[in-house]
Each structure stands twice: as C-alpha cells, then as structure tokens.
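J.: The following block contains the structure, expressed as structure tokens.
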Amino acid sequence: MTYLKMRNLGQKTERAILKKIGARRQPASGAIPGFPNDGVLGRYLIEVKSTQRVSLGLKRKWLEDLEENAITR
C-alpha cells in the first residue's frame with residue numbers, strides 16, 4: 001500500500017471515530033499551532049491512532065505531547 005493510500009485511510013478512520021463520539025476535528029489534524037491533537041470533546045483532547053496490525057504500542061511521546069497540549073491549552 002502506498003504512503004498516500006495509508007494516509008487517506010488514516011484520515012478516514014480519524015474522521016469516522018471523531019464523528020462517532022461527537023468530537024470536533026482539529027484543523028489539519030493538529031498540525032496548526034493553537035489547535036493541538038486530532039480532536040476535542042468538551043475539555044478533552046483526543047489523539048486518534050489506528051493500525052492494520054493486531055496491536056498498537058503506546059508511545060511515551062504521544063502521552064507527553066497530550067500532557068503538554070493539555071497544560072498549555
């Protein structure tokens with residue numbers, strides 16, 4: 001699968017999950033300063049990750065980024 005197809009699949013999954021839980025999607029999926037992470041639901045920041053594998057390891061960096069964005073928000 002090409003990078004572009006994987007990226008589009010990831011964005012499609014992200015949109016579907018955020019819509020299902022009623023969260024607002026951040027512009028550019030959090031790539032713009034002032035709009036951290038993938039989505040917001042009330043006072044909660046949401047980071048969506050997906051994989052085609054059986055499991056997904058949780059990276060310390062993801063948690064540190066969420067914590068930093070929550071503090072500075």
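The values are calculated or read from the model by the stated rules, or taken from the named source; none is laboratory data. Every value quoted in this text rests on a predicted model; they were computed, and no experiment measured them. Every residue, glycine among them, receives a Cβ derived from its backbone with ideal geometry; neighbour counts consider all protein chains shown.
J.: Starting from residues that are at pLDDT below 85 and closer than 23 Å to Arg24 by Cα, keep the ones in the range 46-68 and report whichever is farthest from the chain's Cα centre (by Cα).
T.: Of everything passing the filter in the range 46-68, Thr51 is farthest from the chain's Cα centre (by Cα).
J.: Filter the range 20-62 down to residues that are assigned to a helix (DSSP H, G or I) and of a type in the set (A, V, I, L, M) and give me whichever is surrounded by the fewest Cβ atoms within 10 Å (Cβ to Cβ).
T.: Ala28
J.: May I ask you to list pairs of residues, at least six apart or on different chains, whose Cβ atoms are under 7 Å apart, with the first in the range 7-27 being more than 14 Å from Ser50 (Cβ to Cβ) and the second being of a type in the set (Lys, Arg) and surrounded by 13 or more Cβ atoms within 10 Å (Cβ to Cβ)?
T.: Pairs found: Arg25/Arg15.
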